1. For chain A, give me the percentage of DSSP beta bridges that are antiparallel, rounded to the nearest 5 percent.
2. In whole Å, what are the Cα extents of the range A:8-137 along the three principal axes, biggest one first?
3. Shape of the range A:159-276 from its Cα gyration tensor (a ≥ b ≥ c, root eigenvalues): rounded if a/c is under 1.5, otherwise prolate when a/b > b/c, or oblate?
4. So what's the gap between the Cα centers of the range B:147-204 and the range B:102-128, to the nearest angstrom?
5. Can you give the extra length, in nm with one decimal, that the chain gains between B:ASP133 and B:THR28 once fully stretched, where that is 0.36 nm per residue apart less the Cα-Cα distance?
6. Sticking to Cα atoms, compute the Rg of chain A to one decimal and its Dmax as the biggest Cα-Cα distance, whole number, in Å.
7. Taking the Cα centre of the range B:172-225 as the origin, how large is its charge dipole in debye, to the nearest 20, when only Lys and Arg (+1) and Asp and Glu (-1) carry charge on their Cβ atoms?
8. Give the order of A:TYR16, B:TYR20 when sorted by the count of other beta carbons within 10 angstrom, beginning with the fewest.
Amino acid sequence: MNYIAIKMLMGDTGKYIGIVIGLTFASLIMTQQPAIFMGFIARSYSFITDLGLPDVWVMDSKVQFIDDIKPLQDTELYRVRGISGIEWAMPLYKGMLKARMDDGTFQNCNVIGLDDTTLIGAPPIMLEGKVEDLRRSDSVIVDIDGATEKLARPPLVAGGAKIPLKIGDNLELNDRRAIVVGIAKVTRTFQSQPVVYTTYSRAKSYAPRERRQLSFVLVKAKAGQDLHELTQRITANTGLAAYTRQEFMDLTFWYLMKNTGIPINFGVSVLFGFIIGAAIAGQTFYNFTLDNIRQFGVLKAMGASNGTLLRMILLQAVFVGSIGYGIGVGLTALFGFAMRHSILAFQFSFQLLIFSGLGVSVICVFAALISIVKVMRLEPAIVFKS
Amino acid sequence: MCLKVNMNVAVRCENLTKTYDTGEQKVTALNNVNLEIRLAELMMLVGPSGCGKTTLISIIAGILNQDAGLCELFGENLLTMKSADKLRFRATKIGFVFQAFNLLPALNAAENVAVPLIINGVKREVAQRRAIDVLERVGLGERWKSLPAQLSGGQQQRVAIARALVHSPNLIVCDEPTSALDHKSGHNVMNLLKEVAVDDNRALVIVTHDARIFSFADRIAEMDDGHIISISDSPKTA
């Protein structure tokens, strides 16, 4: 009977395509929108994930997320270094500074100041130049996206392409000269601002004068040291907040979830995708069943049980569901592939496959259920009505 | 009226009553109907629209329950049967031919004919081979791959007859099998039914108001207003 069920389904080409389109749409929206959302979220803590070396981040206890900088006094670094279980502790500056462009406009940049000696926290991938070049005077490393887009020089002719920043070019950060000595590849940040790396002491000189300028203390735990014990010890001894990398990422994630409209916006999109997909697929599937109600009646009259017809309808639902889901997920993957070099955030994880799979399954069950009820209640005697 | 039990009786109806409740009023479709259909017999049920013919064959075919009275098929009372047994009984003992053919449009002729066998658990490949054999018997062996839409009305009804025969049922129930066909096609279909469907172990009951085919009947039961008003042993002339 499975064969008959599939032939019946595919025999009505128009409705078959309609159901598949509905499910494809639902599947696409339920994967593409959350993938963009997850991409945004991942960008919000991309700076933490890019810095692979430190085990623990130490900061002011009022910090709510990665970009919520509440500077510390430099002396806090030494207090942290004095705590047992720490292999090393290094300063990190992180702040937004204005870069003056050649055409006189200003561009906000995310300036990162690394420990002058060790350069811990340096960009993970250097495309041009070397991290060590930061030891040269006035040197900075710029991320490739910033160098080619927001910090790029104006075109030589009107309407022409911008000229990417390259090694040897100058920048003006807070009225001070900065020379580009390297181009790095880093994960885009949430606000997609250019990222400029320099040394800690130079970053402080670029930044406006403040009594407190230390953003974070990056800590590496000694081998075998329990990280949770270490964070508790740091907090107990200094009064500062100390988080493992994962805890700091979670802190940033939940701040965005609770304090911005982003999850609601994406949630609404996903919900609409689900509802519209369910409506299209459910209605079309139900219409398909209604159109074939006499055929189901014939099968019932000829001795097919309700259980057999139920299995047929479920198989039809699973069949269109699988195809719609596959196409939807495939289109999302293609979308992600096509956008891989664009500014768009996109992170397509296996959890999203499960999420949208469950969503499409719910739609299929819903679509099948209303048809099943109709067929179960069907009197086979309708076959004798002309 | 009480009918004597006979080994040659395929269907025995006694005091059958069926009422439809439409909400506003009750309509009595069958009122104390008594009927016996014998094996190897082609029985026609005739009468005006709304006289209860379709209700009677629905009860005989086991797809509708009567309110009162007895309906036995080959000595079995379908009303007291468990639902699963009734389905199995219907799947194995009864074949159907409908006025609108009711072929599955997405299946080709052989696949349509194979449906009763598949319902009875026969493997698809085996069922399809047997279906092609039966299609050859009804003269459509060459057209087994054709979809219903590619066949004429007469050919579709021949496929439907093949479908009714393929699982060798003991009773074939036909509802207006010729009303959608022209005279020639209808005549051919009746000739075919008479030729391939009637045998010693099988009975045919045909509901019709197509007077042109009355001559094919062995007996004709005439109905009116929920009653059988006459049963004539000799067929009327078409």
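1. So the antiparallel bridges amount to about 75 percent of the total.
2. 76, 48, 30
3. oblate
4. Cα centroid of the range B:147-204 versus Cα centroid of the range B:102-128: 16 Å apart.
5. Extra length from B:ASP133 to B:THR28 when fully extended: 33.4 nm.
6. Using the Cα atoms of chain A, the pair Rg, Dmax is 29.3, 95 Å.
7. In total the dipole reaches around 260 debye.
8. B:TYR20, A:TYR16
Where a number appears in this text, it was derived from the coordinates with a stated rule and is not lab data. Bear in mind that the values here come from a model prediction, so they are computed numbers and not experimental data. For neighbour counting, all protein chains shown are included, and Cβ atoms are generated from backbone atoms with ideal geometry for every residue, glycine included.
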